[in-house]
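Working notes for the structure below.
Laboratory data are not the source of any read-out in this text; all were calculated from the coordinates shown. All values derive from a computational prediction rather than experimental measurement. With ideal geometry, Cβ positions are generated from the backbone for all residues, glycine too; neighbour counts draw on all protein chains shown.
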Amino acid sequence: MKTLLITICLLANSVHAETLNQLRNRVNTSLTNHIGGAKGLAARQTTYASNHGGKFWQGLLTFSTLPNHTPTTVADSLADRLTAHPTDQSVSWHDVFPEWDTELFAAGALVDVYDGPLGAGWSITVFVKYQGIVYQRKKCFGPDVSDDYDWRIFDTGD
């Protein structure tokens, strides 16, 4: 039944047209919804830090290959790296958000942590692929938010 529902959702999404701005706006809304609230990432980070000596949780990129959206195809997919975790931490996205195992996502996400002169915090970066071009945006949480940025083309540094 789960496979049937996922297939129906994927087929329904494949005929929906979406511009890059519409995709970005949809991801912005999803990001806001997944961060806020009693069960959002911000609340779960606070709980994690209180149970781990003030250290925040870090999440690796949720997709091995980002879904490639086009003007005629919404490519939302199941994230395939929810059980991956950093080498210095045993907790994965699946552990923090088990309900995401069956959720379709338009964007990949990763969570980084920092501990600088102003104190400790964390950030989330989201990545979308549209017509083969990867775009990213970053939101920081904690005492230093100087690394926040809005949507831009992802520069691999090559």
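The table that follows gives values for the structure above.
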{"read-out": "Residue selected from region 91-141 under the condition part of a helix (DSSP H, G or I) and among the hydrophobic types (A, V, I, L, M, F, W, C), by the criterion surrounded by the most Cβ atoms within 10 Å (Cβ to Cβ)", "value": "Trp93"}
{"read-out": "Filtered residues of region 33-82 (kept if small (Gly, Ala, Ser) and over 14 Å from the mean Cα position of the chain (by Cα))", "value": "Gly37, Ala38, Ala43, Ala49, Ser50, Gly53, Gly54, Ala75"}
{"read-out": "Matching residues in region 83-93 - criterion: being among the hydrophobic types (A, V, I, L, M, F, W, C) and either at positive phi or more than 12 Å from the chain's Cα centre (by Cα) (or both)", "value": "Ala84, Val91"}
{"read-out": "Filter result for Asp144 (surrounded by 15 or more Cβ atoms within 10 Å (Cβ to Cβ), of a type in the set (Asp, Glu), more than 14 Å from the chain's Cα centre (by Cα) and more than 14 Å from Gln45 (Cα to Cα))", "value": "yes"}
{"read-out": "Residue pairs meeting the criteria (Cβ under 8 Å; at least 6 apart or on separate chains; first under 20 Å from Lys39 (Cβ atoms), in region 80-97; second β-branched (Val, Ile, Thr))", "value": "Leu82/Thr62; Ser92/Thr83; Trp93/Thr62; Trp93/Thr83; His94/Thr83"}
{"read-out": "Matching residues, region 49-78, being surrounded by fewer than 12 Cβ atoms within 10 Å (Cβ to Cβ) and either among the β-branched types (Val, Ile, Thr) or without any contact (Cβ under 8 Å) to a residue 24 or more places away in the chain (or both)", "value": "Ser50, Asn51, Gly53, Ser64, Thr65, Thr72"}
{"read-out": "Selection within region 46-90 - in contact with a Leu (Cβ under 8 Å, 6 or more places away or on another chain), farther than 21 Å from Leu23 by Cα and either part of a helix (DSSP H, G or I) or charged (D, E, K, R) (or both)", "value": "Arg81"}
{"read-out": "Tabulated pairs, region 16-38, first in contact (Cβ under 8 Å) with a residue 40 or more places away in the chain, second among the charged types (D, E, K, R) and assigned to a loop (DSSP other than H, G, I, E, B), C-beta under 9 angstrom, 6+ apart or interchain", "value": "Arg26/Glu18"}
{"read-out": "Qualifying residue in region 35-45 (condition: buried (at least 18 other Cβ atoms within 10 Å of the Cβ), outside any helix (DSSP H, G or I) and of a type in the set (S, T, N, Q))", "value": "no"}
